[in-house]
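Everything below concerns the one structure shown next.
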Amino acid sequence: MSGGQPSAVSGVASFLARHDLIRGGAGVFGLKSSAAALGFVNGVILARILSLEAFGILAQVVAAAMTLATILTLGTPSLLTREVAAHRAHESWSLMKGIVYWSYRNVLLVCFVTLILCLVLLLAYAPTSWRIPGTLGILMAVFMAVNLLRAGVLRGLNQVIIADIPETLVQPLTVLGLIGLTLHLASRDGVVW
């Protein structure tokens, strides 16, 4: 009789784990799908509003910022996901806190040095039309790098959907809101697009 109980318990646990996996997978799929739709809408609106040159500059700055953000993290989001999950499993809260502080400290230091270096190079060598978008792109890369760290910690805490919300929903909705605000203010002031 005792031999049948562990298999029944493990069967129930397996069933519940599969449903958590299905529910989590559906949540991530919905989040990524809505992000793709919002990204498409933002791209179409920006392509219609901006000139060819301005849209090209925007595309290059965003691509460079995303690449720079990945480099600035020094691979720590993956490390954080693995280490936070391991420390959570062993309930080593002080070690978890230490790895998170260490990661943020190192990445913020690299971001600060890179920010200063890029700003100097941008102001010294970039064409005038690139200075403002380039500066904003560098600042965007720093925020993206910190967001990647935050997402790594949350993934390690098994909060995958919450980890993806800022980059998949908040960021595109913010861009869409800023576009709408800009269009509203421009139409109010009589600016013709």
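Residues that are under 11 Å from residue 149 (Cβ atoms) and among the basic types (Lys, Arg) do not occur anywhere in segment 75-96. Within segment 27-55, residues that are under 17 Å from residue 180 (Cα atoms) reach partners that are in a helix (DSSP H, G or I) and of a type in the set (Val, Ile, Thr) with beta carbons closer than 6 Å, at six or more positions or on different chains, in the pairs 42/175; 45/179. Are there helices (runs of 4 or more DSSP H) fully within segment 49-167 with at least 1 residues that are of a type in the set (Ser, Thr, Tyr) and crowded, with 16+ Cβ neighbours inside 10 Å? List them. So the answer is 76-89, 93-125, 128-156. Annotation note: Cβ proximity below 7 Å between a residue of segment 89-110 that is free of Cβ contacts under 8 Å to residues at least 60 places away in the same chain and a residue that is acidic (Asp, Glu) and assigned to a helix (DSSP H, G or I) (sequence gap 6+ or interchain) occurs for 99/83.
Tally up the residues in segment 66-110 that are within 20 Å of residue 158 (Cα to Cα) and of a type in the set (Val, Ile, Thr), please.
The first filter runs over segment 66-110 and keeps only residues within 20 Å of residue 158 (Cα to Cα), leaving 75-101, 103-104.
This time we only want the ones that are of a type in the set (Val, Ile, Thr), so: 76, 81, 84, 99-100.
Selection size over segment 66-110: 5.
Being under 27 Å from the mean Cα position of the chain (by Cα), surrounded by fewer than 13 Cβ atoms within 10 Å (Cβ to Cβ), modelled with pLDDT under 90 and β-branched (Val, Ile, Thr) holds for only one residue in 22, 45, and it is 22. Applying a threshold of 6 Å to beta carbon distances and a minimum spacing of six or more residues, or different chains, the list of pairs starting in segment 136-163 at a residue that is in contact (Cβ under 8 Å) with a residue 60 or more places away in the chain and ending at one that is open to solvent by 60 Å² or more (accessible area, probe 1.4 Å) and among the charged types (D, E, K, R) is empty.
The values are calculated or read from the model by the stated rules, or taken from the named source; none is laboratory data. Note that the structure is a prediction, hence the values are computed from the model and not measured. All Cβ positions, even for glycine, are placed from backbone atoms using ideal geometry, and neighbour counts span all protein chains on display. Ligands, DNA and RNA are excluded from the accessible area calculation, which covers all protein heavy atoms including side chains. Shrake-Rupley method; radii C 1.70, N 1.55, O 1.52, S 1.80 Å.
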